[in-house]
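Data block below; observations after.
Derivation of every value follows stated rules applied to the coordinates shown; laboratory data play no part. Keep in mind that what you see is a predicted model, and the values were worked out from it rather than measured. Cβ coordinates were reconstructed from backbone atoms using ideal geometry, including for glycine residues, and neighbour counts include every protein chain displayed.
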Amino acid sequence: MTQDEMKRKAAEAAMEYVVTDSIVGVGTGSTVNHFIDLLADIKGKIEGAVSSSEASTERMKKHGIRVYDLNEVNELPVYIDGADESDHYLNLIKGGGGALTREKIIAGAADKFVCIADETKLVDVLGAFPLPVEVIPMARSYIARELVKLGGRPVWRDSFITDNGNIILDVHDFEIMEPIRMENEINKLAGVVTVGIFANRPADVLILGTPEGARTVYSK
Ligand code: 5RP
């Protein structure tokens, strides 16, 4: 089974978390694209969605799914999104697609965060995937130097501007043994908009697509 087929399995299993007549929080990425396509089949049974990126908004609108601004929404029972890595406590690295800031906002606003991924994303220690950090453009060099002091090797993501008009530094060589401490440490640097560690608000449920089907993982 291909990695994309495993992503599809995870997206299919996430459908059971969608709450009828409610607004669904929708993330970004190739796994979530499968979820959006499945959501289209039941669009008459939901009120609509809030979106974490322009790309997901466009895909949902093409399917005729109503997309709300988060400010218009009082209750968000569930947020479905992918990840670049998850540890066994469901701390995540996200932002491979560059949508980490809006993703973190919606994850925070949602009652339940369901993460969907193929089984290769589950790791013992976060950090093999370069850690995305969204940065205000004028702070790029300063933040890069600070990230080097923390032991990382930041690389400016080529020709990429986020939906918020900022740049991304992808930080290699971090072994993230204490995700909450590291998230707080990087977030407090002036000029950082968001770091792609989701540990203060981890996922509640992780659904992994595997060749045998979908497997649900709860925090250790
Ligand atoms: C986007 C993300 C994605 O969830 C993450 O990159 C996983 O993507 P994919 O489902 O394509 O593997 O955080 O910012």
The longest stretch of the chain containing none of the GluC sites (Glu not before Pro) that sit in a DSSP loop with at most 11 other Cβ atoms within 10 Å is 76-174
Built amide H within the under 5 Å cut-off of SER52, gap 5+: VAL26
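Determine by what factor the alpha-carbon radius of gyration of segment 97-220 differs from 2.2 N^0.38 Å, reporting the quotient. Walk me through the numbers before you get to the answer.
Values: Rg = 15.1 Å, N = 124, 2.2 N^0.38 = 13.7 Å.
Segment 97-220 yields a ratio of 1.10.
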Cα Rg, Dmax, segment 1-154, angstrom units: 16.3, 52
Among the lysines, which have Cα under 17 Å from the Cα of LYS62 when same-chain residues fewer than 8 positions away are ignored? LYS43
If you count the DSSP beta bridges with both ends in the chain, what percent of them are antiparallel, to the nearest 5? 55 percent
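For segment 30-113, state which trypsin sites (Lys or Arg not before Pro) are in a DSSP loop and have at most 12 other beta carbons lying within 10 Å of their beta carbon. Please list the in-between numbers first.
Details: sites: LYS43, LYS45, ARG59, LYS61, LYS62, ARG66, LYS94, ARG102, LYS104, LYS112; in loops: ARG66, LYS94.
Answer in residue order: ARG66.
Counting alpha carbon pairs within less than 8 Å and at least 6 residues apart, what relative contact order, in whole percent, applies to the chain? It would help to have the intermediate numbers written out before the result.
Working: 506 pairs, mean separation 53.4, N = 220.
Computed value for the chain: 24 percent relative contact order.
Could you work out the relative contact order of segment 122-220, using alpha carbon pairs under 8 angstrom and six or more residues apart, expressed as a whole percent? Walk me through the intermediate numbers first.
On the way: 155 pairs, mean separation 30.2, N = 99.
Here the relative contact order equals 31 percent.
Taking the Cβ of VAL155 as the center, what net charge do the other residues with Cβ under 11 Å away carry, scoring Lys and Arg +1 and Asp and Glu -1?
Values: positive: ARG153, ARG157; negative: ASP158, ASP170, ASP173.
Local net charge: -1.
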Karplus-derived HN-Hα couplings along segment 175-188 (A = 6.51, B = -1.76, C = 1.60, θ = phi - 60°), whole Hz, x at Gly and Pro: 10, 8, 7, 10, x, 5, 4, 5, 4, 5, 4, 6, 4, 7
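Using helices alone, I'd like the mean residue ellipticity at 222 nm for the chain: each DSSP H run of four-plus residues gives -39500 (n - 2.57), total over residue count, nearest 500. Don't skip to the answer; put the middle values down first.
On the way: 6 runs with 62 residues, N = 220.
Value at 222 nm, helices only, nearest 500: -8500 deg cm²/dmol.
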Most mobile listed residue (ASP111, ASP84, ASP158) in the chain, GNM with C-alpha springs under 10 Å: ASP158
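Report the net charge of residues surrounding ALA144, where surrounding means a beta-carbon distance below 15 angstrom and charges are Lys +1, Arg +1, Asp -1, Glu -1. Each step should come with its number before you reach the end.
Numbers: positive: ARG140, ARG145, LYS149, ARG153, ARG157; negative: GLU134, GLU146, ASP158, ASP170, ASP173.
Once all neighbours under 15 Å are counted, the net charge is 0.
Once you list every other residue whose beta carbon is under 14 Å from the beta carbon of LYS94, what net charge do they have if Lys and Arg are +1 and Asp and Glu are -1? Before the final figure, lay out each step's value.
Details: positive: ARG102, LYS104, LYS121, ARG201; negative: ASP81, ASP84, GLU85, ASP87, GLU103, GLU134, ASP170, GLU183.
Surrounding charge for LYS94 is -4.
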Return the distance in nm (one decimal) between the two label points of a simple spin-label model at GLU16 and ARG66, each offset 7 Å from Cα along Cα→Cβ. 2.9 nm
How far apart, in nm, are two points set 7 Å out from the Cα along the Cα-to-Cβ line at ILE136 and at ALA40? 4.0 nm
Please list, in order, the residues from segment 197-220 whose amide nitrogen is less than 17 Å from a point placed 7 Å along the Cα→Cβ vector of ASN184. 197-202
The relative contact order of segment 63-111, taking Cα pairs under 8 Å that sit 6 or more residues apart, comes to a percentage of 40 percent
